[in-house]
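S.K.: This is the structure I want to talk about, given as structure tokens.
The values are calculated or read from the model by the stated rules, or taken from the named source; none is laboratory data. These numbers were taken from a predicted model, which means no experiment stands behind them. With ideal geometry, Cβ positions are generated from the backbone for all residues, glycine too; neighbour counts draw on all protein chains shown.
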Amino acid sequence: MKIFVHTTFNHRDVIRDAYGKILDVLKNAGVMVISNHDEEGKADLTRAEVERMSDKGENLIDKMDGIVIDASIPDSEVGYLLAYAISQKKPVLYLHERHSGAKSMLSYFEGKNVPESVVLKSYEIPELEGIITEFLQRTESGDQDVPTIKFTLRITPKIERFLTMKSKQSRTTKRRRII
């Protein structure tokens, strides 16, 4: 599973601590983490690698299984990222520190229809592990293997005779015998 983590830093150590906690929980869960900030080298792709991919015209968000946004500090990219993720039906965990003092998008969403793919949570650092674990479980359970590749099974006449014989012996159809 690949998760993109978006956050904004300023002088507040609380946000840095939360970012570190988010990355630690994701890494401990065995998730490949890509982030817009990676000063400590915890993410699997560095910022330079991410920029190189975007220079090649690759859209990183399309390749992700989910997105975690920490919007405790206002950031102009959050609205775009959230809208794009919703349009692509990507699971999003939208986090907001409970006592950050910044007006969040959470207040905008109150009383409105929030897409099922978006989870809105206010947090304090001790709660982060539970929130992220719950999001990962929800994201993984939402993953259903939907066949996207079609193919035709071609069998030899010898295999066809064998299937016919076996289906007569077991009194089932050849189709049931194959499946």
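S.K.: Please work out if ALA83 is under 24 Å from ALA18 (Cβ atoms) and either outside the structural domain of ILE132 (by TED's automatic domain parsing) or modelled with pLDDT under 75 (or both).
M.R.: In short, no.
S.K.: Could you look through the range 114-134, keep only residues that are among the hydrophobic types (A, V, I, L, M, F, W, C) and either in contact with a Phe, Trp or Tyr (Cβ under 7 Å, 6 or more places away or on another chain) or touching a residue at least 24 places away in the same chain (Cβ under 8 Å) (or both), and pick out the one that is nearest to LEU26 (Cα to Cα)?
M.R.: ILE132
S.K.: Collect the residues in the range 117-128 that are among the charged types (D, E, K, R) and buried (at least 16 other Cβ atoms within 10 Å of the Cβ), keeping them in residue-number order.
M.R.: LYS121
S.K.: On to the next question. Limited to the range 1-38, what total is found for residues that are of a type in the set (A, V, I, L, M, F, W, C) and at pLDDT below 75?
M.R.: Selection size over the range 1-38: 3.
S.K.: Here's another thing I want to ask about it. Check every one of the helices (runs of 4 or more DSSP H) wholly within the range 100-179 and list those with 3 or more residues that are modelled with pLDDT of 85 or more. Spell out the reasoning first.
M.R.: On the way: elements: 105-109, 128-142, 157-170, 174-178.
Counting at least 3 such residues, we get 128-142, 157-170.
S.K.: Right, something else. Hey, can you tell me all the residues within the range 56-80 that are closer than 18 Å to LEU136 by Cα and either in a loop (DSSP other than H, G, I, E, B) or at pLDDT 85 or above (or both)?
M.R.: Across the range 56-80, the qualifying residues are MET64, ASP65, GLY66, ILE67, VAL68, ILE69, ASP70.
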